[in-house]
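Okay, structure first, notes after.
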Amino acid sequence: MAGKRQHYLPRFLQRGFLSRKRKREELAFVFYSNGKHYEHSIKQIAVESRFYEIDEMTADDVVTDLEGCYAGIVDRIRKSGKIQSDDLNKLVEFIDHLVLRTKNSRSLLGGSTGYLVDKVEKSVVTTDFITNLLKSGSFQDRVIEKVIASILKEKPESSPEVLRELIRDKIAQDNAEMTRYAVEQARIVGPQFFSSVRGKLKNEIVKTQINFLRSNEHTSEKFKKYMELKWSVKEYELGDLILGDIGVVGINMHGDVIPPLFESNFYKLIFPISSNLLVIGSVDDSSLDLTKNEVNTLLSSMSIYLFVASNMSSDISRLSKLIGCRSCEFYKETIDSIVRDRFGIQR
């Protein structure tokens with residue numbers, strides 16, 4: 001992969017989904033979210049210019065070196081239909097690597113943080129929020145101290161009753177003026193501030209992804225959970241399975257399908273390595289009773305841009321309509337809940 005054109009779905013993985021070979025070219029069908037599909041060389045599929053580079057940072061060389069090891073493991077599983085015990089640790093490393101490597105994961109990180117920023121902006125640049133903020137205890141304490149000092153300076157001989165009434169009127173007047181001013185400034189400065197935050201977040205997400213790939217460290221709690229799963233391979237008919245741009249799909253304990261990027265307590269992980277082999281990680285020894293259409297539906301709906309297939313059967317062609325339909329559902333409800341609890345916003 002070393003060079004300017006860098007694959008976010010490695011070519012060695014795409015090779016499990018070839019439609020045919022033409023001279024030195026390896027071809028596969030690629031289905032896009034816009035409904036179009038083509039038979040392309042895998043050199044042209046899931047690739048972008050300098051995808052793993054930003055500023056002076058690059059993960060390209062590290063990713064290329066790792067692919068040599070990971071490709072060997074995937075090839076051995078394809079040939080034997082089994083996971084050798086000596087390969088298990090590196091296989092799980094590759095899954096951990098792939099979960100954060102893809103364009104899908106970058107988009108999910110960007111989408112979820114962008115959605116959070118949008119919700120926060122809509123929540124805080126409001127009269128109700130600013131009024132409640134100005135009524136907070138610590139802020140009001142500072143206001144009261146200033147008001148008392150001001151009144152005593154103007155009318156040092158005031159009785160306690162008169163002083164109490166003057167303080168009440170003065171605080172009400174100052175609060176109204178401060179609220180009006182704060183709301184006016186928030187409506188001017190707020191959009192500029194949040195726009196700046198959005199711009200910086202995009203670069204920071206790319207840098208985070210690149211730093212993870214460069215470090216090649218697999219010490220997170222999520223990785224430990226991956227290692228605790230029971231891993232197996234399920235065989236389908238040749239040509240049955242697709243490769244989604246998400247790579248790996250998770251099913252949590254509640255039966256919800258969710259990207260592994262934002263979940264660690266899985267019931268099962270599913271990962272197609274060829275058009276007929278599905279790698280499965282499970283918390284128990286139960287089998288995965290999913291038909292090819294059910295597996296492909298999960299993979300296509302959790303993809304965002306495309307999926308790769310070895311053929312363009314009617315069953316597979318129909319799946320292109322599902323691309324992206326569930327890719328952001330999982331985080332919107334969570335973020336809505338967080339914002340609602342923190343800011344008291346009901347929608």
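Every read-out reported here was derived from the displayed coordinates using simple, explicitly stated rules and does not represent laboratory data. As the structure is a computational prediction, the values presented were derived from the model and not from experiment. Note that each Cβ is placed from the backbone with ideal geometry, even for glycine, and that neighbours are counted across all protein chains shown.
Values for this structure:
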quantity: Order of 13, 229 - criterion: other Cβ atoms within 10 Å of each residue's Cβ, fewest first; calculated: 229, 13
quantity: Pair residue 115, residue 314: separation of 7 Å Cα→Cβ label points (nm); calculated: 3.5 nm
quantity: Spacing of the two label points (7 Å from each Cα toward its C-beta) at residue 196 and residue 321, in nm; calculated: 4.7 nm
quantity: Listed residue pairs exceeding 22 Å between alpha carbons, taken from 36/103; 224/268; 36/321; 43/225; 79/234; calculated: 43/225
quantity: Likely footprinting exposure, 237, 39, fewest C-beta neighbours within 10 Å first; calculated: 237, 39
quantity: Inter-label distance, nm, simple model (7 Å from Cα along the C-beta direction), residue 294/residue 216; calculated: 3.8 nm
quantity: Paramagnetic reach from residue 84 (point 7 Å along Cα→Cβ, amide N under 20 Å) across region 277-294; calculated: 277-280
quantity: Relative exposure of 208, 113, judged by other C-beta atoms within 10 Å (fewest first); calculated: 208, 113
quantity: Length gained when the stretch residue 287-residue 203 is fully extended (0.36 nm per residue, less Cα-Cα span); calculated: 26.1 nm
quantity: Long-range amide H partners of residue 267 with built H, under 5 Å; calculated: 251, 252, 253
quantity: Per-residue HN-Hα couplings for region 277-292 [Karplus 6.51, -1.76, 1.60; θ = phi - 60°; Hz; x = Gly/Pro]; calculated: 10, 10, 7, 10, x, 9, 6, 9, 8, 5, 7, 9, 8, 10, 6, 4
